[in-house]
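Read-outs: derived from the displayed coordinates by stated rules, not from any lab. Remember, predicted model here, so these are calculated numbers, not experimental data. Because the Cβ atoms are built from the backbone with ideal geometry, glycine has one as well, and the counts that use them run over all protein chains shown.
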């Protein structure tokens, strides 16, 4: 029984099997009964600033009135139809809007249910694309170590062996992995040297295997669940161009980085090259409803034209669900009409000012920042970079202290991060970072 199940009888006999959660529970659990804007509320009324955007998906804040209105209005008209081969007006409008926002060269959108399935769709598109072109042998993928692309078996197969995948080892046999640039954990003295070495190795693997590679798949600019590891646009441009020069498709997994997280609408907006396929989810509906999308550039879809034997072999019951697509469409309108990316600039600048401020604090090995993403790598020894065992031990202690102080965080092994909804005010963000600093100084 968890420590606070005596306080929360509603959880004492819970039938809920929690994701990524040990049993019995190692620490207190919180029962969240409502949310509004940047805040979550417990039954007691205790308010918590959602510094995680509820697993990085809440971009506009909880229960945004415009999204609630869009959902309820659509629910009165149409909720769900099968879309093979039928359609509905909101799916059509959202498809056009996503293609418009992404820009050239994208021309088609395939809707699915979440980030993992958006990746699954992209992998299947890449494999089937080469089959339909009559090119045999291009059946493997190249990805980065430390990468995470989802929990379904196909998505796991292109991710790095980790806590997420150790129980399912055979699913990664078709994937080749290149070293991800990780300056803090690198043998090199500076970030550029680290990235140069990683890019050279990536290109070596392309040269060795391009005839058998269907695609490379990348988390652009930030490796999310692998530790919020940031790499430069220059490195990304270099490896994307190298892949495309060798006739290998490029997939960007923008499930996390899309919709403003990196400071631009999409991470690919930081470079000149464009991936062939883009996977989206999380911020697509601002976390209100499940929805995934895979964008395909011109030329990909053309191979799937020509009859039943060329149709894409993938589908979902809830593909282009009318409620989810209505919320996603309204979310994109909010970005446009409320100039969200411009409004975020003062918050991004505040994060930047708090990079060097945190480096000297106890147990802080590295501080990483890009756009609306800010993270600390916690270490037992700042000189040797030795981590805590288990990896999240200090992080969970800090998290519990922050919960009591009204800040909602969740450590990612040895990484503590602040990835807030865009509804957060500068004052609230400053308070959040101050609280993180205070609990670190107390340890």
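Summary of the geometry: the stretch 112-128 and the stretch 131-146, compared by the centres of their Cα atoms, lie 14 Å apart.
What the Cβ-Cβ distance of residue 207 and residue 384 gives, at R0 = 45 Å and to the nearest 0.05, is a FRET efficiency of 0.80.
Taking every C-alpha pair closer than 8 Å and separated by at least 6 residues, the mean separation divided by the residue count of the stretch 68-337 gives a relative contact order of 29 percent.
The equivalent ellipsoid that matches the C-alpha gyration tensor of the stretch 302-443 spans semi-axes of 39, 22, 15 angstrom, in descending order. Annotation: the residues 20, 148, 106, sorted from fewest to most other C-beta atoms within 10 Å of their own C-beta, follow the order 20, 106, 148. This ranking places 64, 149 by how few other beta-carbon atoms lie within 10 Å of each, fewest first, which gives 64, 149. Spatial offset of the stretch 396-443 relative to the stretch 334-359 amounts to 17 Å, using the alpha carbon center of each. Placing a pseudo-label 7 Å from each Cα along the Cα-to-Cβ vector at residue 353 and residue 66 gives an inter-label distance of 2.8 nm. Taking the Cβ-Cβ separation of residue 100 and residue 139 as r and a Förster radius of 30 Å, what is the calculated FRET efficiency to the nearest 0.05? The formula returns an efficiency of 0.35 here. Taken along the Cα-to-beta-carbon direction at a fixed 7 Å, the label points for residue 84 and residue 337 span 3.6 nm. Remark on the stretch 43-114: ratio of C-alpha radius of gyration to 2.2 N^0.38 Å is 1.47. Comparing 162, 54, 95 in a Gaussian network model of the chain, where Cα atoms under 10 Å apart are tied by springs, the biggest mean-square fluctuation is seen for 162.
For the stretch 191-346, the calculated P(r), taken from all Cα-Cα distances in 5 Å bins from zero up to the bin holding the longest distance, is 2, 8, 14, 18, 19, 16, 12, 8, 4, 1, 0 percent. Summary value for the stretch 274-385: 16 percent relative contact order, contacts being C-alpha pairs under 8 angstrom separated by 6+ residues. Subtracting the Cα-Cα distance of residue 22 and residue 400 from 0.36 nm times their residue separation leaves 134.5 nm of extension gain. Beta bridges assigned by DSSP with both partners in the chain are antiparallel in approximately 65 percent of cases.
Among 235, 422, the ranking by other beta carbons within 10 Å of each residue's beta carbon, starting with the fewest, stands as 235, 422. Of 240, 158, 101, which has the largest mean-square fluctuation in a 10 Å C-alpha GNM of the chain? Most flexible of the set in this elastic network: 101.
Note on the chain: GNM, Cα springs under 10 Å; of 119, 379, 59, the largest mean-square fluctuation is that of 379.
Summarising the label geometry, the points placed 7 Å from Cα in the beta-carbon direction at residue 92 and residue 200 lie 5.5 nm from one another.
Rounded to whole Å, give me the distance from the Cα center of the stretch 47-81 to that of the stretch 276-290. About 13 Å separates the Cα centre of the stretch 47-81 from the one of the stretch 276-290. If you take the alpha carbon atoms of the chain and fit the smallest convex hull around them, that volume is 151 Å³ per residue.
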